[in-house]
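The values are calculated or read from the model by the stated rules, or taken from the named source; none is laboratory data. Nothing here was measured: the structure is a model prediction, and the numbers come from that model. In this analysis, Cβ positions are derived from the backbone assuming ideal geometry, glycine residues included, and neighbour counts consider all displayed protein chains.
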Amino acid sequence: MEASYQQDSPQQHEEQRQFKVMPIVISLMLGGFIGMFSETALNIALTDLMKELNVGPTTIQWLTTAYLLVLGILVPVSGLLLQWFTTRQLFIASLSFSTLGSLIAGLAPNFEVLLAARVFQAVGTALLLPLLFNTILVIFPPAKRGAAMGMMGLVIMFAPAIGPTIAGLLIEKLSWHWIFWISSAVLLISLLFGIIFLQNVSRITRPKIDFLSILLSSIGFGGIVFGFSKAGEAAGWGSNMVIASLVIGSLSLFLFCWRQLKMETPVMNLRAFRYPMFTLAVIMLFVVMMVLLSSMLVLPMFLQQGLGKSALAAGLLLLPGGIINGLLSPIMGKLFDKYGPRWLVIPGLIVIAAILYLMSGITVASSATFIIVMHSLLMIGISMVMMPAQTNGLNQLPPEFYPDGTAIMSTLQQVAGAIGTALAVSILSAGQKGYLMDQGFDVSQGLEPYLSNPSFLQHLPQSFATGVSHAFIFAVSMALLAFLCSLFIKRVKVSKPL
């Protein structure tokens, strides 16, 4: 049986048609593009930042951890913010935070100032991403949402794909400061464009604010994101800080969910999970985001530490796959509008699982061509899954659930990213140590004691490749889980206004 819901009234539908769609979309796409660009562009600059700012790997990772932590705290309450503030107010606030953060980062004289700048950037991104998807749901009728979400997918995937490459060029020719100065310039253009052309599209209902729910949400999602992020760094899973964060976060999250289900007007309306296609979409997106973000972390590390490529070369090798994914997103959106999700999502997950399995056989003898082809095919599979599954799930929700639906999806994607990368790093590390132990090196206390041993250094690239192989085997199991879920996906039949 096809799922359905009643669309807006004819009057609301008429209001939809009066929106100046193109200026709204351009404003949001510019802001979203640079937000996603700056997130991945910084990753490739971390080595240079450690040298220039005179900090170690554990400290520099806070530039990523703090960013994810702010997203984990703010994104869950974005559904409430969408009902309290107008589209223009949230957009201007978002771009102002992002622009200010980029300007401060470009001028940062030390690590502390740069960390503060990253917090400002994260606030801007946390406000913008849910606003972006909620606006698409409001201004586009269901029959055209696939193509619209595909255009947003182009931005969301293309920006992080070219981020490392452009950052590598800027670092090689100029300095890391230019990453943020260029971001600031584009953000200012987007802000001015939005101030002139952006319309208010959301409806302000101003529901009652439950501060206890906000506190539980912040501790819950923040604790989970922080715990997994620290576990993926030097802390490890046995760290008291990691264990405490995950336990406190999980308990707070349970209390938050229980409270939301008891409240008449919750901060995040979890009753959206009553709609089966939405629930299915959330599960699949969670798993695919784990696979995507963990592979985006593991592959550049393998290219640099396993194959000895430079940061710029690694970025260039992964660029084709990111570009292909971005260009295919609008096409997949149009195909979704025409044929529905089944003929895209199920084959897409088969492609993802097959490619991940082939990539689990990766070694130091693997060629750059093999990496480019496999990564490009993986990105094709992901483009077949992400936007079609997301659009189909959101299409089933009634309009009053749009803010909550976008907040739930955006939040869980951030959590998936933290979990996926932490697990990938842990599995990679365990696989690497296992290989080295088999070669006769006791690395139970770490690799440092052997770093001056020539024989040990010869085994290091292959040990890293072995760890990467184990990480991809884990990713295969995740892809198969998403595939099993996809077998139940059905096209949401949206009734047209009378």
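In the stretch 181-217, what count of residues is obtained for those that are of a type in the set (A, V, I, L, M) and farther than 17 Å from Ile34 by Cβ? Show your work before the answer.
First pass over the stretch 181-217, keeping only residues of a type in the set (A, V, I, L, M): 182, 185-189, 191-192, 195-196, 198, 201, 204, 209, 212, 214-216.
Narrowing further to those that are farther than 17 Å from Ile34 by Cβ: 196, 201, 204, 209, 212, 214-216.
Adding up the residues that qualify gives 8.
From the list Ala471, Ala482, which one is at pLDDT 80 or above and farther than 19 Å from Leu303 by Cβ? Before the answer, list the steps.
Values: Ala471 fails: farther than 19 Å from Leu303 by Cβ.
Only one candidate qualifies: Ala482.
Conditions tested, residue by residue: (1) within 30 Å of Thr279 (Cα to Cα); (2) in a loop (DSSP other than H, G, I, E, B); (3) in contact with a Ser or Thr (Cβ under 6 Å, 6 or more places away or on another chain); (4) without any contact (Cβ under 8 Å) to a residue 40 or more places away in the chain.
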| position | (1), (2), (3), (4) |
| --- | --- |
| Glu400 | yes, no, no, yes |
| Leu412 | yes, no, no, no |
| Val425 | yes, no, no, no |
| Ala430 | no, no, no, no |
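In the stretch 348-403, what residues are of a type in the set (A, V, I, L, M, F, W, C) and touching a Pro at 6+ places or on another chain (Cβ under 8 Å)?
To start, the set of residues in the stretch 348-403 that are of a type in the set (A, V, I, L, M, F, W, C) comprises 349-356, 358-359, 362, 364-365, 368, 370-374, 377-380, 382, 384-387, 389, 394, 397, 401.
Those that are of a type in the set (A, V, I, L, M, F, W, C) and touching a Pro at 6+ places or on another chain (Cβ under 8 Å): Val364, Ile372, Met384, Ala389.
Just to check your reading of the model, which residue among Thr135, Thr165 is under 22 Å from the mean Cα position of the chain (by Cα), of a type in the set (S, T, N, Q), in a helix (DSSP H, G or I) and crowded, with 24+ Cβ neighbours inside 10 Å?
On the way: Thr165 fails: crowded, with 24+ Cβ neighbours inside 10 Å.
None of the others qualify; the one that does is Thr135.
Kindly indicate which of Ile189, Ile224 is of a type in the set (A, V, I, L, M) and crowded, with 17+ Cβ neighbours inside 10 Å. Give the steps one after another, and end with the answer.
Values: Ile189 fails: crowded, with 17+ Cβ neighbours inside 10 Å.
Residue meeting the stated conditions: Ile224.
Could you please find all residues in the stretch 487-498 being modelled with pLDDT of 80 or more and crowded, with 22+ Cβ neighbours inside 10 Å? Spell out the reasoning first.
Applying the first criterion (modelled with pLDDT of 80 or more) to the stretch 487-498 yields 487-491.
Across the stretch 487-498, the qualifying residue is only Ile489.
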> Mind checking whether some residue in the stretch 102-116 is under 24 Å from Ile189 (Cβ atoms), of a type in the set (D, E, K, R) and assigned to a helix (DSSP H, G or I)?
Replying inline: no
> Of the residues in the stretch 339-371, how many are in contact (Cβ under 8 Å) with a residue 40 or more places away in the chain and within 19 Å of Pro461 (Cα to Cα)?
Replying inline: 9
> In the stretch 362-370, is there at least one residue being buried (at least 18 other Cβ atoms within 10 Å of the Cβ) and outside any loop (DSSP other than H, G, I, E, B)?
Replying inline: no
> In the stretch 90-127, what residues are buried (at least 24 other Cβ atoms within 10 Å of the Cβ) and either within 21 Å of Arg203 (Cβ to Cβ) or not assigned by TED's automatic domain parsing to the domain that holds Ile60 (or both)?
Replying inline: Phe91, Ser94, Leu127
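Does Ser239 count as over 26 Å from Ala93 (Cβ atoms), outside the structural domain of Ile408 (by TED's automatic domain parsing) and within 24 Å of the chain's Cα centre (by Cα)? Break it down stepwise before answering.
Details: over 26 Å from Ala93 (Cβ atoms): yes; outside the structural domain of Ile408 (by TED's automatic domain parsing): yes; within 24 Å of the chain's Cα centre (by Cα): no.
So Ser239 fails the test.
Within the group Ser213, Ser239, Ser250, which residue is crowded, with 17+ Cβ neighbours inside 10 Å and either out of contact with any Leu (no Cβ under 8 Å at 6 or more places or on another chain) or of a type outside the set (S, T, N, Q) (or both)? Lay out the reasoning, then the answer.
Details: Ser239 fails: crowded, with 17+ Cβ neighbours inside 10 Å; Ser250 fails: crowded, with 17+ Cβ neighbours inside 10 Å.
Every option except Ser213 fails the conditions.
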> Do we have Pro403 as touching a strand residue (DSSP E or B) at 6+ places or on another chain (Cβ under 8 Å), under 29 Å from Leu270 (Cβ atoms) and at pLDDT 75 or above here?
Replying inline: no
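Gly222: within 30 Å of Gly420 (Cβ to Cβ) and at pLDDT 75 or above, yes or no? Break it down stepwise before answering.
Working: within 30 Å of Gly420 (Cβ to Cβ): yes; at pLDDT 75 or above: yes.
Yes; evaluated as a whole, the condition is true for this residue.
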> So is Gly381 free of Cβ contacts under 8 Å to residues at least 40 places away in the same chain, crowded, with 18+ Cβ neighbours inside 10 Å, touching a Gly at 6+ places or on another chain (Cβ under 7 Å) and small (Gly, Ala, Ser) or not?
Replying inline: yes
> Just a yes or no: is a residue in the stretch 279-296 within 27 Å of Lys173 (Cβ to Cβ), in contact (Cβ under 8 Å) with a residue 24 or more places away in the chain and not aromatic (Phe, Trp, Tyr)?
Replying inline: yes
>> Could you go through the stretch 393-416 and let me know if any residue there is in contact with a helix residue (DSSP H, G or I) (Cβ under 7 Å, 6 or more places away or on another chain), within 24 Å of Pro320 (Cα to Cα) and hydroxyl-bearing (Ser, Thr, Tyr).
In response: no
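Here's the yes/no breakdown for (1) more than 16 Å from the chain's Cα centre (by Cα); (2) modelled with pLDDT of 70 or more:
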residue: Asp8; (1), (2): yes, no
residue: Gly32; (1), (2): no, yes
residue: Leu42; (1), (2): no, yes
residue: Thr59; (1), (2): yes, yes
> Here are some residues: Gly431, Gly440, Gly417. Which one is of a type in the set (Gly, Ala, Ser) and either at pLDDT 80 or above or not assigned by TED's automatic domain parsing to the domain that holds Gln83 (or both)?
Replying inline: Gly431
> Counting only residues that are modelled with pLDDT of 80 or more and either outside the structural domain of Ala389 (by TED's automatic domain parsing) or not aliphatic (A, V, I, L, M) (or both), which one in the stretch 271-294 is nearest to Gly321 (Cα to Cα)?
Replying inline: Phe286
